1. Inside segment 127-148, can you point out the residues that are assigned to a loop (DSSP other than H, G, I, E, B) and within 15 Å of the ligand (Cβ to nearest atom)?
2. For segment 76-95, state whether one or more residues are within 14 Å of the ligand (Cβ to nearest atom), more than 24 Å from residue 48 (Cβ to Cβ), assigned by TED's automatic domain parsing to the domain that holds residue 26 and outside any helix (DSSP H, G or I).
3. Checking residue 244 against (1) modelled with pLDDT under 85; (2) surrounded by fewer than 13 Cβ atoms within 10 Å (Cβ to Cβ): exactly one of these is not met. Which one?
4. If you take the residues in segment 165-179 that are hydrophobic (A, V, I, L, M, F, W, C) and in contact with a helix residue (DSSP H, G or I) (Cβ under 7 Å, 6 or more places away or on another chain), which one is surrounded by the most Cβ atoms within 10 Å (Cβ to Cβ)?
5. Among the listed residues 14, 67, 33, identify the single one that is farther than 21 Å from residue 144 by Cβ and not in a strand (DSSP E or B).
6. Can you find, within segment 103-126, the residue that is farthest from residue 179 (Cα to Cα) among those that are acidic (Asp, Glu), more than 15 Å from the ligand (Cβ to nearest atom) and not in a helix (DSSP H, G or I)?
7. Examine segment 38-45 for a residue that is outside any loop (DSSP other than H, G, I, E, B) and within 16 Å of the ligand (Cβ to nearest atom), and state whether such a residue exists.
8. Taking only segment 1-47 into account, find how many residues are of a type in the set (A, V, I, L, M, F, W, C) and in contact with a Phe, Trp or Tyr (Cβ under 8 Å, 6 or more places away or on another chain).
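The values are calculated or read from the model by the stated rules, or taken from the named source; none is laboratory data. Here the structure is a predicted model, which is why all the values come from computation and not from measurement. As a convention, Cβ positions derive from the backbone with ideal geometry for all residues, glycine included, and neighbour counts pool all protein chains shown.
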Amino acid sequence: MRLDVVSIFPEYLAPLDLSLIGKARRDGLLDLAVHDLRDFAHDRHRTVDDTPYGGGAGMVMKPGPWAEALDHVVTQGRSRDNSAVDAVPTLIIPGPGGEPFTQQIARELADEPWLAFACGRYEGIDERVYEWAGERMPVRVLSLGDYVLNGGEVAVLAMVEAIARLLPGVIGNAESLIEESHEDGLLEYPVYTKPAEWDGRAVPEVLLGGNHQAIAKWRHEQRIQRTAARRPDLLPPAAATGGLAELEER
Ligand code: ADE
């Protein structure tokens, strides 16, 4: 998979050299390039923002540098390997006003050959950039959650990690992907390791015996109880209002 990230803080993306994502890059599973938006601003101060039309607080990112940067991403990406002359990335623009980024969306994006990320800062990017980009490539505006970050960089770190770990070969133990929170709409069950007693707290008895059926049943019940307690919005309406027994039968 090819990934391009455009930001005014390229160093913010340095963690993508670390851990499993860094290894995936070194193994050639991920081809990731980070671009400095200021390289596409041509005045002496490399200006990428200006005051908002209509007034209001803060600054807005200018359209010109964004269009040049995205043009560069597309042309450079096409020449990077022998991809089709008309290939385009799916452009992700993180922002608090976007569609919620979910595991389902991470799975959809993990199937794409090429993603580009545009990191906004300040009060956002001039709206015409969304239109301009939408005429050239698929565009998705995605939010990490209902809170406001200072810019898209942290959101890109989170999204790239969520997407890249789904690619074949990135996670050594692919089985660990199967029983995770959000993979099937329920949260993960609690886990324990040695010692069997610590700080006067015992590991649940059922996990110490080798009865795999009983363990699977206990884990399933734990997932439902935990989801009901922490994320009732994930459960079907009947289960969330108390009808857990039926779900636990499954
Ligand atoms: N940029 C600023 N806030 C954000 C959020 N909640 N999600 C994604 N990108 C953002």
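1. Hits for segment 127-148 are 144, 145, 146, 147, 148.
2. no
3. For residue 244, the exception is condition (2).
4. Residue satisfying both the conditions and the ranking: 170.
5. Checking each option against the conditions leaves just 67.
6. If we take residues in segment 103-126 being acidic (Asp, Glu), more than 15 Å from the ligand (Cβ to nearest atom) and not in a helix (DSSP H, G or I), then 126 is farthest from residue 179 (Cα to Cα).
7. Within segment 38-45, none of the residues are outside any loop (DSSP other than H, G, I, E, B) and within 16 Å of the ligand (Cβ to nearest atom).
8. Count: 6.
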